[in-house]
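See structure below.
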Amino acid sequence: MRSIGELARASGLTVSALRFYDRSGVLVPALVDPATGYRWYTDDQVAPARLVAGLRRVGMPLAGIAEALAQRHEPAVVHRLLDAHLRRLEDGLADARRELSRIRTLIDPEEIAMTTRLVLRRADLAAAVDAVRFAVGTDPELPVLAGVLLEVDADGVRLVATDRHRLAVARAAGKVDGPAVRTLLPADAVDELRALLDTGEGITPEAHLTVAPDRVEVAVAGRPVAAAALPYDFPDYRRFLHGLVPGAPAYRIPVDVVALRGALTADDAPVVVREYAGVPAEVTVLGLDGRGGLRVVGPDDAADPDGVRVGVNREYLLEALDAGDRGQLVLELDGPITPLAVRRPDDADAFSILMPVRL
């Protein structure tokens, strides 16, 4: 048996926190001395106490901690609880950033007043939109992801989209007149812009953009489309990219898009079904073929000699291949817990990242 002080030291919880979780019925001692009131715990309660400590550190509400502790032998249930809590944290951070942005405007209104004009090749902008549109989020609880980020710098514009399970980045070079600026364009406005880029063919190869933090206007052949920006601060995707894996990936494998797509959509294509947020999804497992190439791994296949395989949502992978649309792409693999990167071999600024699925 362990005293409450010993459990506190072993778990990272304070003595007062352990008393609180006892009173709340979340982590009840194995024995309470009726004479002294001392609480005693078994060794088997150390792991649950550490789980409580971790959930407490990330701000999980008491009800969520209790449910996670009760369901700790059902990992899928606990992972859904963690995902829901993470979404709440992200929403809270987005709200805080939006409010701070409003405060900065009150302090210095002129700081936000910036407008930049760009002239881009229409085909380049259309290709950039096509490369990222599939990754725009649709979760109504995450409106910050329901658009495409436009980042204008001295040489053109970078487009970024993510739904938390995948991230896509593309770039269109052009002539820029004005300061660097970024704005978040809603998905319906992106689709309207994309349709506009297909008009005026043979009249002008250029698209003219006017970009401000709160508004975007695009004109092709004298026909304009304007849209208000979403009032959210897009997640820091650069920090995510920098934090993926230090150094180069273990394997960079060129693939023929048509051949790989055929292998993924064949009637006998091997898939593994995994559940996320209560919804089953088909997962494709990719591995090495022993000759430096890529293969689709079946659920009953023996382990790869190199031990390199990664599972990704099959639908997401197909959409990433379609967005590449260059005949040949390069897939970067590192292992089962590392995101899969899909890159264009001739364009370092266009790529997508697919988060791995737990196998």
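Each Cα pair under 8 Å and six or more residues apart adds its sequence gap; the mean of these over the residue count of the chain is a relative contact order of 12 percent.
May I ask you to rank Ile4, Ile253 by accessible area, largest first, using a 1.4 Å probe over the protein chains only? All intermediate terms of the calculation are to be shown ahead of the outcome.
Numbers: Ile4 25, Ile253 5 Å².
In descending accessible area the options line up as Ile4, Ile253.
In this structure the chain gives 52 Å² per residue of accessible area when probed at 1.4 Å with all protein chains present.
Would you look at the GNM of the chain, springs on alpha carbons closer than 10 Å, and say which of Ala84, Ala35, Ala68 moves the most? For the chain, modelled as a Gaussian network with Cα springs under 10 Å, the answer is Ala35.
Here the gap between Ala212 and Tyr276, fully extended at 0.36 nm per residue and compared with their Cα-Cα distance, gives a gain of 19.3 nm.
If the only charges are +1 at each Lys and Arg Cβ and -1 at each Asp and Glu Cβ, what is the size of the charge dipole of the chain around the Cα centre, to the nearest 20 debye?
Computed charge dipole of the chain: roughly 1080 debye.
To put it simply, the accessible area of the chain at a 1.4 Å probe is 53 percent carbon and sulfur.
In summary, the helical segments of the chain meeting the span-like criteria, namely a full DSSP H run, a Cα extent along the axis of 20 angstrom or more and a mean Kyte-Doolittle hydropathy of at least -1.0, are 75-107. An oblate overall shape is assigned to the chain, the ratio a/c of its alpha-carbon gyration tensor axes (a ≥ b ≥ c) being 1.5 or greater and a/b not exceeding b/c. Using equal-weight Cα scatterers in the Debye expression, the normalised intensity of the range 1-49 in log10 at q = 0.15, 0.20, 0.26, 0.30 Å⁻¹ is -0.31, -0.56, -0.97, -1.30.
The values are calculated or read from the model by the stated rules, or taken from the named source; none is laboratory data. From a predicted model like this one, the values you see are computed outputs, not experimental measurements. Cβ sites come from the backbone with ideal geometry, for glycine too, and all protein chains shown count toward neighbours. Ligands, DNA and RNA are stripped out before the accessible areas are found, and what is left, the full protein with its side chains, is counted by its heavy atoms. Shrake-Rupley method; radii C 1.70, N 1.55, O 1.52, S 1.80 Å.
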